[in-house]
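See below for the structure under consideration.
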Amino acid sequence: MTRHGSREPSSQATARRRHTRALISGLPAGADIYFYDLPFPIAQLRNADRRMSVSFGAIAEHRLSVADPLALSGDRHRSFSRSRTSVTDEQRRRGSGSAAESAAGTGTGAGPVRNGSRTDSSLAGGGATTDEERSSGEGGREGGTGRRKKTDRDRADKRRRSSLEQEYRARIEKRLSHALAAAKMENAANHHNALAEMRSSGGGPLGRSQSAHASDRSTTVGAGGVVKVNRNINRFSNFVKSGMEAYILGESRMTSAPSERHEIVIVNGTVMWKPMQQHYNCVVDKPKKETKLKGFKSFIAYSIISSLTGIQVARRYKRFDWLYEQLSAKYIMIPIPPLPEKQMSGRYEEDLIDHRKHILQLWVNKICRHPVLSQSEMWLHFISCTDEKEWKNGKRKAEKDEYVGGNFFHCLTIPQQRLDLQNVDRHVERFQRSVKTSEDAMRIMQERMIVFQKAFAGPVKQNWQKMGLAFKTLQTSFENDDNSNSRKVTDALSHTASEYHDIGNLFDAHTKKDMEPVVENLFSYKGTVQAVPDILSVHKQVVAKYKDAESKLPSAEVEKMRQRMDSTSYALLAEINHLTSEKVEDFKETMGTYLKRQAEFYQEVANRLKNLSVRYE
């Protein structure tokens, strides 16, 4: 096929036209004819007994198939009958008639013909005489005048092709838009008929979808007239990947019994996790640098001693991180406290190791105090397994656990009392506002504490020690005086310089001993509540899925779906109560301890200054 703007030798063009004419004349009635180059007078073949598939332009994407040739035989297409050749309209009409007669009288034919020639009048069967005359005329032009005329015709033909291509493209887009609109109307009509058939067959009341994409994601009518709620289109959302969608729709299938059970109770009108029967605690201590692969790799291992078993185990940060991921995946309605950030540079420095140990201790404390997490199989395995082979077996078992994400709710036992959706929404909204204000307050408090830390460890410490140097300088001025009173003042000034230097160090130590725990607690709480919006979003989608299916499913299915939704709501309310109680207890202890240590610190500074003042009496 030659493209627009290209030139083809006249001998090749003549041979191609003859071949194309022969194929067209040999086509049987009803065969498909493909025309690929512009322009071609479609109206000339309107009387032919053939179905035509017409492709316009050199751009393959813009293709129009027409089953009825009469659809393109109107007067508006007659303008395309002009060609860059000198063939007259009368010759074209004769050619069209001869082509139609040849097609009607021939019983054999070939498949679709793809003509790539730029000369289109030959496709209409205009006769060999016209083609030969034109070919010989073009081949015989040797003068400059003939070449200029040919160039002018080529340019005019190129411009005409461009305008025709744009017109065809607009027409194709219009036809496609009409076809899409018709398809949508047909789909909507089929959906409406299916729902009407369900109503007439006694399948229960079916409401119209509230979504613009109802046919895609609301309901489908399956075999036997069974209506079911479809899955979400977005298969990468947390609601889908966690298994919550499959659980709420009742599509999750378990192959084994759950290895742990948890219960939710109502105490004095408050929904909560069933209290722990045995409280215990764990101590993270003794960070130690260890190696493996004959010293090729090194890491810091922390010892964990549980009061539940009394067993000491060593765990590196990588295993803490693995446990965090497993807990987050399994207990989808429980926000897991954050681990300290993993840093590669300076990871063996004493300050960093100590800081990480304190945050790991906070993390372990929160796990031990949680009624569900403290009884988790993988957590108990983490704090008690000492054999490497048993550790790997338990790790593999946890990674293959079926009851993770949405399936975890199969492990819950909830009260029989049905929850009021409006009451649940009020609790959730109030908690959401509390989390938002708490997160902002914790961020501001953490920023101010860090500013205090930097000030106490930097300028404040330096100023006290500079004052000590000033007292030391003042002491030297009294050393030259040779009397008892001068020696007494000199001694007092020496002690004052030393005490001021020590007080500066006290301010530095105060930032690590008294302020750092507050900053770490703020970090832990802030990281915990940052996971709350995702949890609330999952619950919101569960409620939306139930409301969407409430008027579309049979009453028995709706009731089962309501029970599954209540399981998620009970778990959320129990966790809200636990987080609120933990926040109160944490900050009572944290702030109380901080202010008590503040008082002790300043009291120590005051006592030192008071003792110094006695030396000057």
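The values are calculated or read from the model by the stated rules, or taken from the named source; none is laboratory data. Owing to the predicted nature of the structure, the values given are computational and were not obtained by experimental measurement. Positions of Cβ are backbone-derived with ideal geometry, glycine not excepted, and every protein chain shown enters the neighbour counts.
I'd like to know if the range 431-445 contains one or more residues that are farther than 30 Å from H510 by Cβ and crowded, with 18+ Cβ neighbours inside 10 Å. There is at least one residue in the range 431-445 that is farther than 30 Å from H510 by Cβ and crowded, with 18+ Cβ neighbours inside 10 Å. Summed over the range 511-560, the residues that are in contact with a strand residue (DSSP E or B) (Cβ under 9 Å, 6 or more places away or on another chain), basic (K, R) and in a helix (DSSP H, G or I) give a count of 1.
Among R356, R426, which is closer than 30 Å to M515 by Cβ and charged (D, E, K, R)?
Selected residue: R356, the only one of R356, R426 that is closer than 30 Å to M515 by Cβ and charged (D, E, K, R).
Looking at (1) surrounded by 13 or more Cβ atoms within 10 Å (Cβ to Cβ); (2) more than 60 Å from the chain's Cα centre (by Cα), which is the only condition D481 fails? Condition (1) is where D481 drops out.
Scanning the range 262-285 for residues that are in a loop (DSSP other than H, G, I, E, B), in contact with a Leu (Cβ under 8 Å, 6 or more places away or on another chain) and at pLDDT 90 or above gives a single hit, Y280.
Restricting K395, K454, K466 to residues that are in a helix (DSSP H, G or I), within 24 Å of L308 (Cβ to Cβ) and charged (D, E, K, R) narrows the list to K395. Among the residues that make up the range 316-334, is at least one of them part of a strand (DSSP E or B) and not hydrophobic (A, V, I, L, M, F, W, C)? Within the range 316-334, one or more residues are part of a strand (DSSP E or B) and not hydrophobic (A, V, I, L, M, F, W, C). The sole residue among K294, K288, K228 that is modelled with pLDDT under 85 and either in the same structural domain as L572 (by TED's automatic domain parsing) or more than 35 Å from the chain's Cα centre (by Cα) (or both) is K294.
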